[in-house]
Amino acid sequence: MKYADRINKLPPYLFAEIDRKKKAAIDRGVDIISLGVGDPDLPTPPHIVKAGQAALAKAANHQYPFGAGLLSFRQAIATWTKKRFGVTLDPATEIYSLIGSKEGLGHLPLAFVNPGDVTLVPDPAYPVYKNATLFAGGEPYLMPLKEERQFLPDLKAIPAAVLAKAKILFLNYPNNPVSAMAPRAFLEEVVAFARQHHLIVAYDNAYSEMYYEDAPLSFLEIPGAKEVGIEFHSLSKTFNMTGWRMAWFCGNPELIKGLATIKDSIDSGAFQAIQEAGIAALSSPESEPFVQDMRTLYRKRRDLFVEAMTKAGWKIPTSSATFYIWAHTPKNLPSTEVAARLLDEVGVVCTPGVGFGPSGEGYVRFALTVEESRLKEAIKRINSVKW
């Protein structure tokens, strides 16, 4: 069977490959501690589950949902966004539901990128930005995220010939995989840059509530941002709802229409029962203390992991958000070698940095998504390896 050329251009999907190797090790009887894929280990809060169960019993929710999503869900998003970021959104025209933010990011280039057009993609980055560009026939231009620049891309270093063909600028802060945050001055630079070069800014803010000290910004807080961009949010990480697949994008109405046109041709909307659960997540008074407790839990895990690993000689850049640790490989070893040895020798799964892009070489990513006792065991195992 001959696959389409676009399939042949894609590298193996990073997390699927990690999952395959992990399952193979489990089949061999290895006691695996997985710090690989960023999937919360705690369940969805009970009040959200109960709202979803009640919504599931409603016959009206058993039909095609179609379109932008329940107005009540979009109103809940607008209220949450105003309270959290001070950003005003029109639920009717500036918010659209998604079946997970990955789905929306993956479909975005189909709406705006023609064959030969360029998208500006962070390096390292969530693989979907690059892969979605390739699916649309576009050319991803990688913007290195360097530690000496606090993992912010150097927009001034992008060649004029690239900018002449560029359509979309993908950004993600708090950042996966490097855990960095974007200061207001940088986002102001992004707005001016996008205006100057007629770019669409696709701002992935899926980790907006997973921070340890200062709260991250919304791109839409910046004056002029709504004129050039849209922002993606998700219930997955904030409320431990990765399997529910519920998210949204918001911002410029014309950009929303473009992506909505693609979605209307490909899917039939997000399941309404899950949208009702999303209303409970965003609106219930029980949600705020849950999210605060979640941040406290991950901060404790971060401090435990960073202190122990640093004492053992690992170099770890500051981790101020997300539940990831972005660590230099020991002795500058290739990241795939480090990840393979940790899995094969001590049964610990991590993600090789090069899987997120060439600038990720020399790093590995650990996800703090296991309980404290297992995290301590993982640290012990990692530091038993002789590099």
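How many residues are of a type in the set (Asp, Glu), assigned to a strand (DSSP E or B) and open to solvent by 30 Å² or more (accessible area, probe 1.4 Å) when one looks only at region 199-223?
Qualifying residue count for the region: 0.
Test each condition in (1) closer than 18 Å to Asn176 by Cβ; (2) open to solvent by 20 Å² or more (accessible area, probe 1.4 Å); (3) polar (S, T, N, Q) for Thr310 and report the one that comes out false.
Every listed condition holds for Thr310 apart from (1).
Which condition breaks for Leu152 when tested against (1) in contact (Cβ under 8 Å) with a residue 60 or more places away in the chain; (2) surrounded by 21 or more Cβ atoms within 10 Å (Cβ to Cβ)?
Only one criterion in (1) in contact (Cβ under 8 Å) with a residue 60 or more places away in the chain; (2) surrounded by 21 or more Cβ atoms within 10 Å (Cβ to Cβ) is unmet by Leu152, namely (1).
When the residues of region 155-167 are filtered to those that are assigned to a loop (DSSP other than H, G, I, E, B) and touching a residue at least 24 places away in the same chain (Cβ under 8 Å), which remaining residue is farthest from Val191 (Cα to Cα)?
Only one residue tops the list, namely Lys165.
Quick one: is Ala55 in a helix (DSSP H, G or I), in contact with a Ser or Thr (Cβ under 9 Å, 6 or more places away or on another chain) and either on the phi > 0 side of the Ramachandran plot or crowded, with 17+ Cβ neighbours inside 10 Å (or both)?
no
Being open to solvent by 30 Å² or more (accessible area, probe 1.4 Å) and not acidic (Asp, Glu) is the filter here, so list the residues in region 321-353 that pass it. It would help to see each step written out before you state the result.
Taking region 321-353 and keeping what is open to solvent by 30 Å² or more (accessible area, probe 1.4 Å), we get 328, 331-334, 336-337, 340-341, 344-345.
Correct list: His328, Lys331, Asn332, Leu333, Pro334, Thr336, Ala340, Arg341.
Out of the residues in region 140-149 that are free of Cβ contacts under 8 Å to residues at least 60 places away in the same chain and assigned to a strand (DSSP E or B), state the one that is nearest to Leu187 (Cα to Cα). Walk me through how you get there before you give the answer.
First pass over region 140-149, keeping only residues free of Cβ contacts under 8 Å to residues at least 60 places away in the same chain: 140-141, 143, 148-149.
In the following step, the residues that additionally are assigned to a strand (DSSP E or B) were identified as 140-141, 143.
Values: Pro140: 21, Tyr141: 20, Met143: 16 Å.
That would be Met143.
Can you confirm whether region 176-187 contains a residue that is surrounded by fewer than 20 Cβ atoms within 10 Å (Cβ to Cβ) and in contact with a Gly (Cβ under 8 Å, 6 or more places away or on another chain)?
No - not one qualifying residue is present in region 176-187.
Residue check, Pro317 against (1) assigned to a loop (DSSP other than H, G, I, E, B); (2) under 30 Å from Arg28 (Cα atoms); (3) touching a residue at least 40 places away in the same chain (Cβ under 8 Å); (4) of a type outside the set (D, E, K, R), all met but one. Which one?
(2)
Please go through region 118-139 and give me each residue that is over 15 Å from Asp204 (Cα atoms) and open to solvent by 40 Å² or more (accessible area, probe 1.4 Å), ordered by number.
Phe135, Glu139
Would you pick out the residues in region 263-287 that are more than 21 Å from the chain's Cα centre (by Cα), charged (D, E, K, R) and part of a helix (DSSP H, G or I)?
Passing the criteria: Asp264, Glu276.
Could you grab me the full set of residues in region 58-110 that are free of Cβ contacts under 8 Å to residues at least 12 places away in the same chain and either crowded, with 20+ Cβ neighbours inside 10 Å or outside any loop (DSSP other than H, G, I, E, B) (or both)?
Of everything in region 58-110, those that are free of Cβ contacts under 8 Å to residues at least 12 places away in the same chain and either crowded, with 20+ Cβ neighbours inside 10 Å or outside any loop (DSSP other than H, G, I, E, B) (or both) turn out to be Ala59, His62, Lys82, Lys83.
Is it the case that region 190-203 has a residue that's within 15 Å of the chain's Cα centre (by Cα) and within 18 Å of Ile95 (Cβ to Cβ)?
yes
What do you reckon, is Ala125 of a type in the set (Gly, Ala, Ser), out of contact with any strand residue (DSSP E or B) (no Cβ under 6 Å at 6 or more places or on another chain) and either closer than 20 Å to Asp5 by Cα or at pLDDT 95 or above (or both)? Steps first, please.
On the way: of a type in the set (Gly, Ala, Ser): yes; out of contact with any strand residue (DSSP E or B) (no Cβ under 6 Å at 6 or more places or on another chain): yes; either closer than 20 Å to Asp5 by Cα or at pLDDT 95 or above (or both): yes.
Considered against the rule, which asks whether it is of a type in the set (Gly, Ala, Ser), out of contact with any strand residue (DSSP E or B) (no Cβ under 6 Å at 6 or more places or on another chain) and either closer than 20 Å to Asp5 by Cα or at pLDDT 95 or above (or both), Ala125 comes out as yes.
The values are calculated or read from the model by the stated rules, or taken from the named source; none is laboratory data. Since we're looking at a predicted model, the values are computed, not measured. Cβ: placed from backbone, ideal geometry, glycine included. Neighbour counts: every protein chain shown. Each accessible area value is taken on the protein alone, full model and side chains, heavy atoms only, with ligands, DNA and RNA left out. Shrake-Rupley method; radii C 1.70, N 1.55, O 1.52, S 1.80 Å.
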